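What follows is a short report on a single structure.
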Amino acid sequence: MNRRDLNWAACGIALVVACVSAEVSAAPVERFMARVTHVTDGDTIWVQVESADAPRKLRLLGIDAPEICQAGGEASRAALQALLAHRRVEVDIRFSDSYARGLARVSLDGQDVAAAMVLAGQAWAARWHQRPGVYAAQEAAARAAGRGLFADPAPELPRDFRRRHGSCHVPAQQPLLPQR
């Protein structure tokens, strides 16, 4: 293959990637109202959709909360539980992750729940390739005020914890929400 053919091939690949990217970003948002039935940790919840039978597992988009067995993990879960337990929320899903959880923006009475968790110091703004993340301003405010996780001068990022220890799980017999 000569240089001209390589250039045309590269242009063709770029065009295909651009078209596929445009389709992915234009994917419709799935929006619905639901009731929170279970809080797994500081960034994962289960909801009962009002128009469906089966509950759905969701991860709050744009944040990373500590693992449940990590320092701050129980407090992070308790904060999210206090905010959302049995409450009716608005859910916007655009993606799913490798664990089949819907990656969602969740709002309670018009308030962005992920932003509230980061501002309270109960989660980090998710970073992607050294970019600060959507909730960087909330994280900076929580750090400056020494809230939650940021009361520790050097809290460990969940991704670093998982790299060293793996993920952790909650024993099945442990109830996470008070029964109504």
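The values are calculated or read from the model by the stated rules, or taken from the named source; none is laboratory data. Predicted model, so just to flag it, every value in this text is computed and none were measured. Backbone-built Cβ (ideal geometry, glycine too); neighbour counts: all protein chains shown.
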Practice prompt. Hey, can you tell me all the residues within the range 158-167 that are within 18 Å of THR40 (Cα to Cα) and either modelled with pLDDT of 90 or more or surrounded by 14 or more Cβ atoms within 10 Å (Cβ to Cβ) (or both)?
Written response: PRO158, ARG159, PHE161, ARG162
Fill in: Every residue from the range 128-161 that is farther than 18 Å from LEU60 by Cα, in contact (Cβ under 8 Å) with a residue 40 or more places away in the chain and of a type in the set (D, E, K, R)
ASP152, GLU156
Practice prompt. Please go through the range 100-130 and pick out each residue that is in a loop (DSSP other than H, G, I, E, B) and under 20 Å from LEU157 (Cα atoms).
Written response: ALA120, GLY121, GLN122, ALA123, ALA126, ARG127, HIS129, GLN130
Item to complete: Using the structure shown, decide if ARG162 is among the charged types (D, E, K, R) and closer than 22 Å to THR37 by Cβ.
Response: no
Item to complete: Would you please name the residue that is surrounded by the fewest Cβ atoms within 10 Å (Cβ to Cβ), looking only at residues in the range 93-120 that are in contact (Cβ under 8 Å) with a residue 60 or more places away in the chain and within 16 Å of THR40 (Cα to Cα)?
Response: GLY102
Discussion item. Here are the criteria: (1) over 13 Å from the mean Cα position of the chain (by Cα); (2) in contact (Cβ under 8 Å) with a residue 40 or more places away in the chain. Tell me which single one ALA65 does not satisfy.
Written reply: (1)
Worksheet, complete the sentence: Here the residues within the range 131-155 that are within 13 Å of PRO66 (Cα to Cα) and either within 17 Å of the chain's Cα centre (by Cα) or in a helix (DSSP H, G or I) (or both) are GLY148, LEU149, PHE150
Worksheet, complete the sentence: Among residues of the range 57-92 being outside any strand (DSSP E or B) and acidic (Asp, Glu), the residue surrounded by the fewest Cβ atoms within 10 Å (Cβ to Cβ) is GLU74
Response to the item:
When every residue in the range 121-157 that is under 20 Å from LEU80 (Cα atoms) and among the basic types (Lys, Arg) is compared, the one surrounded by the most Cβ atoms within 10 Å (Cβ to Cβ) is ARG143
